[in-house]
Every structure is written in C-alpha cells, then in structure tokens.
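Asker: Next up is a structure, given as structure tokens.
The values are calculated or read from the model by the stated rules, or taken from the named source; none is laboratory data. Here the structure is a predicted model, which is why all the values come from computation and not from measurement. Ideal geometry is used to build each Cβ from the backbone, glycine not excepted, and the neighbour counts take in all protein chains shown.
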Amino acid sequence: MSNHARQVLIVGFSPLTRIGIARVAAQVPEVGSVRAASSPTAALRFTTSNPTGLVVLDQAVDPEFELVRNLTETRLSCPVVVLIASTPDAQDRARAAFAAGASEVALNTASAAYLVQLFGGAYQGAVRAGEVERPVRPLSSRETEILELIADGLSSRAMAERLFVSVETVRTHAKNIIRKLDANGRAEAVSIAYRIGILDSDSLETVGGHKVMPPGA
C-alpha cells in the first residue's frame, strides 16, 4: 500500500475535535498520515487527487450524505466512517448513512479505544462490529426498550421515569446490554446495535401497550 493510500482524511468538526480524532487515528497501525478538510467540497477535491485510505466525517457538515455517496459509489471507493451526535433522530440518521454507503456509523461520544478499533476495521474493509455474528435474540424485550431509549439520548433518570422503574433498574439493564453486546460502554453498544440490526425503523417502542415517542415528538 502506498504512503498516499495510507492517508486518513478528517472532514468537518471543530479544530479542537479534529486534533483529538487525529490523535486517535494515529494509533491505528496502518495509518501513515492524517489530513483535514473543513467542508465536503474540500474533501472531495482532496480525495480526487490524493488516494485516501479512510475518511472520518462529521455528519453535521454532510446532512444529506452526498459526500458519502460520492466517496463510496464512484471510482474513489473510499471507506467512510460517519460520527453522529446522540440526538432523538440518531437512529434515522445512522440508517441513512449506512444506506448512502458508510462503512460504519458511531456516536461522537464513543470512546477513543473503540474508535481505534473502528477506524482500523473500516480501513481494512471489515468493520469490527460487522464481524460480530448477529445473535438470534441477544436482548430481552425490556433491554431492547432500554437500548432504544439510550439511542434516543435519554439519561438513566429520564428512562426510569418513562418506564416507571428505579434508576438502579435502568442501570442494571444498561450494564446487561453492554455485556451482551461485548461493548465498552453505552455509546459503543448503540453503534454495534445499529450495525447488527437490533435498532431499526421497525423496532417497537412500547411501554404498557403505549407507543414511546422520542423526546420532542
């Protein structure tokens, strides 16, 4: 692999965040250098003339995922990792990113250790989460409810109030979810769940027979 093809391009984010992501990417053995672009236009211009091994994209600068499509559906064939904020519409945005061709989607609160694994996996064309064989029934119905609410950005206290249980009960379920998905924390559990299909548009969000709507709905 050439030195140019070992480049990682970071697109968007604040200058301080770019520095943090660059430090994470530099820990991936395959990475040769890390560059930055402030906009999708600059990123496309750079990747067209510079073979790039991986693009790490701030979803906020590419809301319609046009850059993702340009990078993955053209001759560039560049793997893209999209980082999204944990907001009520995170599930919808993650599905849209995958549909556009993203190699992986993760919450921007994911741990540095997880991002190192994720970047390395995407760089090799095999995302770590994609290597996990999907279990038949990995979570109980209550755990699935908790996971969906975590993905919607609710705190433990807010989930407890929503589900009429104690905060400690919510935390216990969250720990079980993390253990069953072999994750390092809640953010990573959500990312894995997107990839292996636990979280999808057909998931039922019900409590006592009533549909649970995300905050602000």
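Asker: Would you pick out the residues in the range 71-97 that are surrounded by fewer than 17 Cβ atoms within 10 Å (Cβ to Cβ) and farther than 18 Å from residue 152 by Cα?
Answerer: Listed by number, the residues that qualify are 73, 74, 75, 76, 77.
Asker: Applying the selection to the range 147-167, what residues are of a type outside the set (Val, Ile, Thr) and under 16 Å from residue 191 (Cα atoms)? Walk me through how you get there before you give the answer.
Answerer: We begin by selecting, within the range 147-167, every residue of a type outside the set (Val, Ile, Thr); these are 147-149, 151-164, 166.
Those that are of a type outside the set (Val, Ile, Thr) and under 16 Å from residue 191 (Cα atoms): 147, 148, 149, 151, 152, 153, 154.
Asker: Still on this structure, please answer the following. State which residue pairs qualify: first residue more than 20 Å from residue 45 (Cβ to Cβ) and inside the range 10-26, second residue among the small types (Gly, Ala, Ser) and in a helix (DSSP H, G or I) in any location, beta carbons under 7 Å apart, and separation of 6 or more residues or different chains.
Answerer: Matching pairs, first to second residue: 24/112.
Asker: Checking the conditions here, which among 94, 42 is part of a helix (DSSP H, G or I), on the phi < 0 side of the Ramachandran plot and touching a Phe, Trp or Tyr at 6+ places or on another chain (Cβ under 6 Å)?
Answerer: 94
Asker: Ok, one more. Which members of the range 31-51 meet the condition of being surrounded by fewer than 21 Cβ atoms within 10 Å (Cβ to Cβ), touching a strand residue (DSSP E or B) at 6+ places or on another chain (Cβ under 9 Å) and over 18 Å from residue 14 (Cβ atoms)?
Answerer: 31, 32, 33, 44, 45, 46, 50, 51
Asker: Give me the residue from the range 111-122 that is surrounded by 21 or more Cβ atoms within 10 Å (Cβ to Cβ) and either among the aliphatic types (A, V, I, L, M) or not in a helix (DSSP H, G or I) (or both) and, out of that set, modelled with the highest pLDDT.
Answerer: 115
Asker: OK, next. Out of curiosity, is residue 72 part of a helix (DSSP H, G or I), farther than 17 Å from residue 100 by Cβ, in contact (Cβ under 8 Å) with a residue 12 or more places away in the chain and hydroxyl-bearing (Ser, Thr, Tyr)?
Answerer: No: the conditions fail for residue 72.
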